[in-house]
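The values are calculated or read from the model by the stated rules, or taken from the named source; none is laboratory data. The shown structure was predicted, so the numbers you read here are calculated from the model rather than taken from an experiment. Here the Cβ positions follow ideal geometry from the backbone for every residue, glycine too, while neighbour counts run over all protein chains shown. Note: areas computed on protein heavy atoms with side chains; ligands, DNA, RNA excluded. Shrake-Rupley method; radii C 1.70, N 1.55, O 1.52, S 1.80 Å.
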Amino acid sequence: MKLLADPQVNENDPQIVGSTVYFTSDKGGEDAVWSVPVTGGTPRKLTSFKGGFSGFKVAPTGDKLLVWADRKPGAPSLEPAMVKKDPNAGAGRTYDQLFVRHWDTWADGTRSQLFVLPLTAAGATGNGVPLVGALVGDTPSKPNGGGEEISWSPDGRTVYFALREAGRIEALSTNLDIFSVPADGSAAPVNLTAGNKATDNLPTVSPDGRTLAYFAMRRPGFEADRQVLTLRDIASGKTVSLTERWDRSVGSIAWAPDSKSLYVTADDTQETPLFRVDATSGAVTRLTQEGHVSAVAITPRGPVVAIDSLTAPADFFRVGTGSPQRLTQVNATKLAGIDMPTVTRFNFKGANADTVWGYAVKPYGANGKVPIAYMVHGGPQGSSNNSWSYRWNPAVFAGAGYGLVAVDFHGSTGYGQGLHRRDQQQLGRVAAR
């Protein structure tokens with residue numbers, strides 16, 4: 001059933017809470033949060049504050065709306081600050097700390113901050129209550145952080161978020177911490193991971209409200225370190241490194257409805273499967289095989305995931321005890337007339353006699369020699385893996401008559417931390433020369 005399909009309007013970030021779908025829309029020329037019954041009906045605009053925002057999350061209790069937006073540090077509400085500019089002012093800027101610019105975005109003095117609005121029959125009115133308080137930093141983190149870095153408690157009383165506190169070393173630090181704060185803003189945020197000087201992220205509260213899951217790195221200043229699934233007992237503060245003995249890096253976290261296990265994704269030698277992790281023993285069970293799991297949604301009947309590959313864009317699958325059950329054929333019509341290339345995996349012995357994997361892509365129907373394009377990915381946080389891309393799609397090269405070769409070198413994700421770290425140390429020694 002199609003709920004929203006206005007070709008003139010951007011409708012994004014759907015979230016289902018109870019029997020309602022919440023989403024963002026720029027209908028009317030200004031971004032706002034809207035809602036529509038999951039069974040269909042007339043959409044309703046919920047917010048009317050000014051100044052724009054970057055994202056939102058509805059509390060599981062359905063009575064609060066959490067919004068993150070760029071505002072001046074310590075902003076008392078979402079109401080944009082009134083700044084009177086001197087008519088004789090020029091276009092220059094002064095900076096007293098880094099960042100001056102992060103990638104392609106100049107620092108403008110604002111920070112991504114959290115605000116909570118009441119959600120009632122009248123909508124989410126007003127300009128919200130600030131949660132970040134005196135902390136100076138961005139939550140979600142910039143430039144790539146999103147809603148996965150923020151989590152509601154099941155009772156809607158507490159918000160957990162990841163933030164890297166700004167200061168003189170912000171531009172050199174990768175240390176995000178996880179904070180908890182009352183959703184009514186009645187107390188300052190509390191740093192739950194101050195003892196770990198490396199990054200902590202992806203706070204995810206169990207359905208029973210007793211346990212906070214997140215990933216923790218171990219090596220300060222090393223943003224490509226292994227991400228270990230960690231559990232914190234919310235009442236006692238005791239933490240357990242649940243996947244310390246599993247040589248893979250957790251990329252996403254979701255709890256099972258009974259709070260007894262978790263579903264995580266992790267790169268594994270050119271694939272990105274879904275795994276189940278027992279919340280008590282830490283035992284890991286692989287649930288999918290080939291393909292790249294790009295999204296996970298937990299339902300009463302089990303996980304529903306989006307899986308793509310080098311030759312297929314994403315479709316939804318239900319994961320159970322056997323092979324994943326396909327639920328959608330979204331692009332079947334568009335792909336019906338396209339002859340996909342042939343993909344062959346290969347491996348060879350690399351440095352230290354370690355096995356290195358890669359793939360070769362051959363144009364459809366090609367029998368003899370073809371010109372080769374050699375593709376190299378850019379760093380230790382990526383992989384030449386079995387995933388679909390709208391940017392570096394091997395089928396594009398194959399469609400132009402090229403064979404494509406991509407080697408997933410040692411420093412790539414998915415080989416395990418020992419091989420990954422050793423390769424990065426070797427690269428560092430080469431660079432030092």
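Details
- Identity of the residue in region 247-272, open to solvent by less than 10 Å² (accessible area, probe 1.4 Å) and not in a strand (DSSP E or B), that ends up nearest to S412 (Cα to Cα): Q270
- When P118, P154, P189 are checked against the criterion of being of a type outside the set (A, V, I, L, M) and buried (at least 23 other Cβ atoms within 10 Å of the Cβ), a single residue qualifies: P189.
- Condition check for T42: hydroxyl-bearing (S, T, Y), part of a loop (DSSP other than H, G, I, E, B), open to solvent by 20 Å² or more (accessible area, probe 1.4 Å) and over 20 Å from G156 (Cα atoms): yes
- For S173: the one exception among (1) of a type in the set (G, A, S); (2) in contact with a Pro (Cβ under 6 Å, 6 or more places away or on another chain); (3) touching a residue at least 40 places away in the same chain (Cβ under 8 Å): (2)
- Taken over region 312-343, the criterion of being touching a strand residue (DSSP E or B) at 6+ places or on another chain (Cβ under 6 Å), open to solvent by less than 50 Å² (accessible area, probe 1.4 Å) and part of a loop (DSSP other than H, G, I, E, B) is satisfied by V319, G320, P324, T328, N331, P341.
- If you go through region 75-95 and keep only what is modelled with pLDDT of 95 or more and surrounded by fewer than 17 Cβ atoms within 10 Å (Cβ to Cβ), you end up with P76, S77, E79.
- Residue match in region 210-225 (condition: farther than 22 Å from W152 by Cα, hydroxyl-bearing (S, T, Y) and either under 17 Å from the mean Cα position of the chain (by Cα) or assigned to a strand (DSSP E or B) (or both)): no
- Subset of region 46-74 [assigned to a loop (DSSP other than H, G, I, E, B), open to solvent by 20 Å² or more (accessible area, probe 1.4 Å) and not small (G, A, S)]: K50, F53, P60, T61, D63, K72, P73
- A residue that is open to solvent by less than 30 Å² (accessible area, probe 1.4 Å), modelled with pLDDT of 95 or more, not aliphatic (A, V, I, L, M) and not in a strand (DSSP E or B) occurs nowhere in region 170-181.
- Candidates are the residues of region 4-22 that are assigned to a strand (DSSP E or B) and of a type in the set (V, I, T); the one that is farthest from the chain's Cα centre (by Cα) is T20.
- Residues in region 375-390 that are open to solvent by 70 Å² or more (accessible area, probe 1.4 Å) and modelled with pLDDT under 85: G378, Q381.
- The set of residues in region 26-39 being within 16 Å of D63 (Cα to Cα) and either among the hydroxyl-bearing types (S, T, Y) or part of a loop (DSSP other than H, G, I, E, B) (or both) consists of S35 alone.
- In region 291-301, the residue that is farthest from S153 (Cα to Cα) out of those that are at pLDDT 95 or above and surrounded by fewer than 21 Cβ atoms within 10 Å (Cβ to Cβ) is S294.
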